[in-house]
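Only one structure is covered here, and it is reproduced in the block below.
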Amino acid sequence: MTTIDTVVIGAGHAGLAVSRLLTRAGRDHAVIDRGRIGESWRSARWDSLRLLSPNWMMRLPDWDYQGPDIDGFLPAGRFVRHLELYAQSFDAPVVSGATVLELSGPGRSGYRVVTDRGNWRARHVVIATGPGLPRVPAGLREVVTAAAYRNPAQLAPGGVVVIGASASGVQIADELNRAGRDVYLSVGRHTRVPRSYHGKDVFWWLERTGRLARTIDEVRDPAAARREPSMQLAGRPGELDLVTLQADGVRLLGRFDGMDRMDGSRARFRADLAETAAAADARMYRLLDSFDDSRGERPPALVPPTTPSSVDLRRAGIGAVLVATGYQPDYPWLRLPITGPDGQIQQVRGITAAPGVYVVGQRFQHRRDSAFIDGARHDAAYVVQHLLACSAEPAA
Ligand SMILES: Cc1cc2nc3c(=O)[nH]c(=O)nc-3n(C[C@H](O)[C@H](O)[C@H](O)COP(=O)(O)OP(=O)(O)OC[C@H]3O[C@@H](n4cnc5c(N)ncnc54)[C@H](O)[C@@H]3O)c2cc1C
């Protein structure tokens, strides 16, 4: 058992941001990860993925993007390298290949962190384990999740039904379509934004108008804000949305509504595409109006097709169903009463009900950009400041 002041669980960008600030404050700590630095970007992303946020949006404590293409979009592998260099820059105390199996306590000398590579006792624990497990709609089996998808060749031959039209779903549907697959895209509630507006990237506008800095106590319905689907965007110039996908031959469907009980190969879809797309388009137009009052050129609204209420997957020659419906919390190792009925860690600005236990990287943890790379620095700073203030002296 190693006794240490602080254990950070997770060596993604959020955990490393915390580690940088603890290092700056001279705090003894370890960053434990089941894989390597930036593991999610190595093993839970597809091959062609590029960040959808521009390179200038990679501001971590004491570490910015320094390359030549400030408005470009890094491939996932290059972002891993960016994180590795960050960790090297301050000699981050990362322990790789150690899966946390239990976090319990506190006992007299702190919390117990049990891993498959040794155990720690720590006065403070910062949980930075990312968004959790891919969510799979009930009734679906033998699916490929967006986190397990790598490239079109990995999928069984034939058509593909992609469920979910947020960032991952539209990018994967587009890639499969370009690879010559017949693609059906099932669309639920989504967030449509243009890649650029009046010659500036949408993130430029979101930052300039203060939307990324908006805090959870400024929104009317915090729970809904935290469930907001990710923006329909890809890390490249030009638009990728339902309008462009439809024009490229992707067949749009309503929200997935389960498999037919009597006929196991028939997937049911709601007749709600027109309504869902109109709502997303209206939200996008309101957003653009809030950017400026020039009423400049607007992306066209979707002209929704007539959608079938069900598809016989066998008859349609569907070889694979790919699920891109987001993530759900997954803390099987957490033995502290700090999760809510929805399984999420309950927190205010990263502070949980267990004294000395913190969380970073949650969706809309405090600011709208909390789960973005660029937003982690604010929550990390707040959490570390609180941790230091609550424990002026490190444990002996
Ligand atoms: C497909 C996709 C694309 C995204 N694109 C962007 C983008 O372009 N720009 C942007 O700003 N944001 C993007 N995001 C959002 C966000 O940046 C990522 O979700 C990010 O990975 C979250 O960072 P994190 O450090 O909180 O968690 P992660 O990067 O997921 O890191 C968590 C770490 O915890 C480790 N871990 C988990 N459980 C355990 C355990 N039990 N024991 C030990 N270690 C554990 C994991 O191995 C992992 O290394 C994207 C998200 C996804 C899913």
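Observations on the structure shown:
- Those residues of segment 171-206 which are crowded, with 23+ Cβ neighbours inside 10 Å and hydroxyl-bearing (Ser, Thr, Tyr), in sequence order: TYR184, SER186
- For segment 365-396, a residue qualifies if it is in a loop (DSSP other than H, G, I, E, B) and open to solvent by less than 10 Å² (accessible area, probe 1.4 Å), and the qualifying residues are GLN365, ASP369, SER370, SER391.
- Close contacts from segment 146-174, counting a first residue that is basic (Lys, Arg) and a second that is open to solvent by less than 30 Å² (accessible area, probe 1.4 Å) and within 16 Å of the ligand (Cβ to nearest atom), with Cβ to Cβ under 8 Å and a gap of 6+ residues or different chains, come to ARG150/TRP46.
- Tally of residues being open to solvent by 80 Å² or more (accessible area, probe 1.4 Å) and within 19 Å of ASP281 (Cβ to Cβ) across segment 213-250: 2
- Subset of segment 154-178 [among the polar types (S, T, N, Q), part of a helix (DSSP H, G or I) and under 19 Å from the mean Cα position of the chain (by Cα)]: SER168, GLN171
- Among (1) open to solvent by 10 Å² or more (accessible area, probe 1.4 Å); (2) of a type in the set (Ser, Thr, Tyr); (3) not in a helix (DSSP H, G or I) - the single one THR6 does not satisfy: (1)
- Condition check for ALA30: open to solvent by 10 Å² or more (accessible area, probe 1.4 Å) and either within 14 Å of the ligand (Cβ to nearest atom) or touching a residue at least 12 places away in the same chain (Cβ under 8 Å) (or both): no
- Identity of the residue in segment 101-118, open to solvent by 50 Å² or more (accessible area, probe 1.4 Å) and assigned to a strand (DSSP E or B), that ends up nearest to THR2 (Cα to Cα): ARG112
- Filtered by the rule that a residue be within 8 Å of the ligand (Cβ to nearest atom), assigned to a helix (DSSP H, G or I) and surrounded by 20 or more Cβ atoms within 10 Å (Cβ to Cβ), segment 33-66 gives TRP41, MET57.
- For segment 238-245, the criterion of being part of a loop (DSSP other than H, G, I, E, B), over 29 Å from ALA76 (Cα atoms) and over 18 Å from the mean Cα position of the chain (by Cα) is met by none of the residues.
- Annotation note: Cβ proximity below 6 Å between a residue of segment 367-387 that is within 8 Å of the ligand (Cβ to nearest atom) and a residue that is open to solvent by 40 Å² or more (accessible area, probe 1.4 Å) (sequence gap 6+ or interchain) occurs for ALA371/ARG363; ASP374/ARG59; GLY375/ARG367.
- The listed residue being modelled with pLDDT under 95 and either in a loop (DSSP other than H, G, I, E, B) or of a type in the set (A, V, I, L, M, F, W, C) (or both), out of ASP342, ASP330: ASP342
- Put simply, of THR307, THR339 the only residue that is away from the ligand (no atom under 16 Å from the Cβ), within 30 Å of GLY139 (Cα to Cα) and touching a strand residue (DSSP E or B) at 6+ places or on another chain (Cβ under 8 Å) is THR307.
- For segment 271-285, the set of residues classified as outside any loop (DSSP other than H, G, I, E, B), open to solvent by less than 60 Å² (accessible area, probe 1.4 Å) and either in contact (Cβ under 8 Å) with a residue 40 or more places away in the chain or not hydrophobic (A, V, I, L, M, F, W, C) (or both) consists of LEU273, THR276, ALA277, ALA279, ALA280, ASP281, MET284, TYR285, listed by residue number.
- ALA316 satisfies every condition listed in (1) surrounded by 21 or more Cβ atoms within 10 Å (Cβ to Cβ); (2) of a type outside the set (Asp, Glu); (3) in contact with a strand residue (DSSP E or B) (Cβ under 8 Å, 6 or more places away or on another chain); (4) assigned to a loop (DSSP other than H, G, I, E, B) except (1).
- TYR149 meets all of the listed conditions (1) more than 12 Å from the ligand (Cβ to nearest atom); (2) assigned to a loop (DSSP other than H, G, I, E, B) but one, namely (1).
The values are calculated or read from the model by the stated rules, or taken from the named source; none is laboratory data. It should be emphasised that the depicted structure is a prediction, and the values quoted were computed from it without experimental measurement. Don't worry about glycine lacking a Cβ; one is built from the backbone with ideal geometry, like all the others, and counts go over all protein chains shown. These accessible areas exclude ligands, DNA and RNA; they are computed on the full protein's heavy atoms, side chains included. Shrake-Rupley method; radii C 1.70, N 1.55, O 1.52, S 1.80 Å.
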